[in-house]
Structure formats: C-alpha cells, structure tokens
1. Considering ALA54, ALA43, which residue is of a type in the set (Gly, Ala, Ser), closer than 30 Å to HIS169 by Cα, surrounded by 13 or more Cβ atoms within 10 Å (Cβ to Cβ) and at pLDDT 60 or above?
2. Does ASP144 fit the bill of being part of a helix (DSSP H, G or I), assigned by TED's automatic domain parsing to the domain that holds ALA269 and acidic (Asp, Glu)?
3. Tell me which residues, restricted to segment 165-177, are in contact (Cβ under 8 Å) with a residue 40 or more places away in the chain, surrounded by fewer than 19 Cβ atoms within 10 Å (Cβ to Cβ) and either touching a Lys or Arg at 6+ places or on another chain (Cβ under 8 Å) or assigned to a helix (DSSP H, G or I) (or both).
4. Working carefully through the options SER301, SER244, SER294, find the one that is of a type in the set (Ser, Thr, Tyr), in contact with an Asp or Glu (Cβ under 9 Å, 6 or more places away or on another chain) and on the phi < 0 side of the Ramachandran plot.
5. Being farther than 20 Å from ASN165 by Cα and either under 32 Å from the mean Cα position of the chain (by Cα) or not in a helix (DSSP H, G or I) (or both) is the filter here; which residues of segment 79-90 pass it?
6. Out of all the residues in segment 277-295, which are among the aliphatic types (A, V, I, L, M) and within 33 Å of the chain's Cα centre (by Cα)?
7. Taking ALA226 as the residue in question, decide whether it is surrounded by fewer than 19 Cβ atoms within 10 Å (Cβ to Cβ) and either at pLDDT 75 or above or outside any loop (DSSP other than H, G, I, E, B) (or both).
8. Listed residues LYS151, LYS130; which is modelled with pLDDT under 95, closer than 18 Å to ILE192 by Cα and either surrounded by 15 or more Cβ atoms within 10 Å (Cβ to Cβ) or not acidic (Asp, Glu) (or both)?
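The values are calculated or read from the model by the stated rules, or taken from the named source; none is laboratory data. Remember, it's a predicted structure, so these values are computed and weren't measured experimentally. For neighbour counting, all protein chains shown are included, and Cβ atoms are generated from backbone atoms with ideal geometry for every residue, glycine included.
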Amino acid sequence: MKRSIYRIMLMISLCLASANAESLSRADLEELLQRLEKITETASTQLDQKYKNAIDAFTKGMQSDSAAIELYLSCIEKAEFSEKQKTGQEFRDWKRAQDEKQKDPNFRTALRHQLNWLCLTLRANIRPEKKEELRPEVLKSLADLLNNAEKLTGQFETLQQAVGNTVFHKAYELGDLHAAEWPDSPLKVAEIFDTILMPQIRSKKDYKELSSLWDKRISLEQMKVAIRDKKDKPSGLSRSDTVSPMIANFRENALPQLTWEKYMDLFKAGDEKGTAVTMLHHIGTHIKNPRAKSWADEFKSLITPGS
C-alpha cells in the first residue's frame, strides 16, 4: 500500500516540478486523488483479508497443545529456514536439538496464550475504532492466564515477547501492528488495564467494578512474578512459608504500591468515606515502607478541601 501511494505522490510531484509541463488542472488533481483513494481502499481490504486468514490459522493452533506446537514448528520452518534458503536437513537438526523444549507442556500452553493475544491484536488493528468491544475477550484471556498459572511456570519470556516479534507473525508476514495502540503481549498487565479495561469504568465512576478490576490486576501481577521465578510456583505467592527473594521483594514493595494505587482509584471514583479509612490504615501498616511519606502526602491532598 505504501509503495502504491508513493508512486501516485511521485507522479503529482513530477507534474508540479516540471517547468515546461502543463500545470495540473482541478480535474486532473481530483482524478489522481480518486485513484489514490481506490488504491488505499484496495490495499486496506487486502491487509484485512491477510489478518483474517492469519486469525483463522492461529485460532486452530490455539485449540490444543499439539495444534499449537505443530503450527509453531511450521512457522519456524518457513520463517527461519525455507525463506533463508536453509536446507530441510538443517531444520531437522534444529528440531532435534529443541526436542525437550517442544515437548514441554508449559511451553505449549504458553504458545496457545501467545496465539490468543496475537489474534486479539490483529482484530484490534483491523478495526482500531472498535477495540473497546474486545474488552470481554481481553478479560477472558487474562482469566485464562490466571487459571493456567501453574502450567506457565518458567514461561515468562514466551508470554512477555511482543507478538509482533513472534515466529507466527514473521511466517504470516503481518507487518506493523501498532495501528490500534494495543499492548503487545499478554503480560503487559498494567498497560492492558490502563488502556483497555479501566478507562471506561473510571469515567463511569463505578467503584465496585473498578475494585474488582484492581483485584484481577493485582492477582495477574502476582502471577507474572511467579512464572518469571522458575524456583517457585504461582501458588507460592499465597503461602506463608519461605519464598524466593523475587517473590519476597514483590510482597514488600510492589504489592503495597499496587494496593495504594487501587485505593486512590476507588477514592476518586466516589467511595471516599470507606476508602479513606482503609488508606489511613494502609499507611500505618506500611509506615516503614519507603513510599509511606509520599502516600501520606497524596492522602492529605485528597482529603484537604479545595485541593
């Protein structure tokens, strides 16, 4: 599409730049612009169809662990071997060396989540103006992540990878995926909630729904830490026994800050009286936290009339 547009604009420029050529009439300009619009529409339609074809293939790959790894290997062979003029033997050697990873059920489960987010990303790019309609499916995608937390231990890198950099994207030649300003991986938890899930609820000042979303967000941030920490399991975050330094650090620093941000949101959404008491208790409970002073300042600003 970009090349076609460039050719049309080049024609216009050449016509205007020629000192001896006849100037473009209004009718000439209108004709060129009409042709440009048709080229743009055609290119957009073709791109939408490419996305839809990819979505169909990825949806099939999401159906089971075996389907996911089969699609993964097919895309690897195409993008990393066939298109780079490498031999079938080289692919088979690579496949043999990766045998243990391919058989790992956690990796296969992670691929299915990666494919799911890639499908959502493509749909958001097809109709950026309607991406809000994908909210229910985004919530379901995140719920599925939580429900499969035990099966995703050690798969942080796969789930954190931008879907535009995946082998699925490369094999299907899907181009730029930034039209919708969409979070590029299912583990961009803060970005997903701040740009897709929470804005509408914040504008409605629905503090009950907002509280529910914050609980989901915090649970996902906990899961994110746990799957990154290969030494522990996601359930380890709720246990009181000895945990890894990574999880201990999350509990001591990130979790109190996330909880504070939740209270700030609820207060601004209208639950002032109940949340104010909770906020004061939070500061007292975490008075030794390095952020306690800034929380106190923010709290004072919230409850001071006219601030």
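1. Values: ALA43 fails: at pLDDT 60 or above.
Answer to the check: ALA54.
2. Numbers: part of a helix (DSSP H, G or I): yes; assigned by TED's automatic domain parsing to the domain that holds ALA269: no; acidic (Asp, Glu): yes.
No, not satisfied.
3. LYS170, GLU173, listed by residue number.
4. Values: SER301 fails: in contact with an Asp or Glu (Cβ under 9 Å, 6 or more places away or on another chain); SER294 fails: in contact with an Asp or Glu (Cβ under 9 Å, 6 or more places away or on another chain).
Sole residue among the options that is of a type in the set (Ser, Thr, Tyr), in contact with an Asp or Glu (Cβ under 9 Å, 6 or more places away or on another chain) and on the phi < 0 side of the Ramachandran plot: SER244.
5. In the first step, residues of segment 79-90 are kept if they are farther than 20 Å from ASN165 by Cα; the result is 85-90.
If the condition is that a residue be farther than 20 Å from ASN165 by Cα and either under 32 Å from the mean Cα position of the chain (by Cα) or not in a helix (DSSP H, G or I) (or both), then GLN85, LYS86, THR87 are the ones that fit.
6. Going through segment 277-295, the residues among the aliphatic types (A, V, I, L, M) turn out to be 277, 279-280, 283, 287, 292.
Of everything in segment 277-295, those that are among the aliphatic types (A, V, I, L, M) and within 33 Å of the chain's Cα centre (by Cα) turn out to be MET279, ILE283, ALA292.
7. Details: surrounded by fewer than 19 Cβ atoms within 10 Å (Cβ to Cβ): no; either at pLDDT 75 or above or outside any loop (DSSP other than H, G, I, E, B) (or both): yes.
The answer is no for ALA226.
8. Step by step, each of LYS151, LYS130 is checked, and only LYS130 is modelled with pLDDT under 95, closer than 18 Å to ILE192 by Cα and either surrounded by 15 or more Cβ atoms within 10 Å (Cβ to Cβ) or not acidic (Asp, Glu) (or both).
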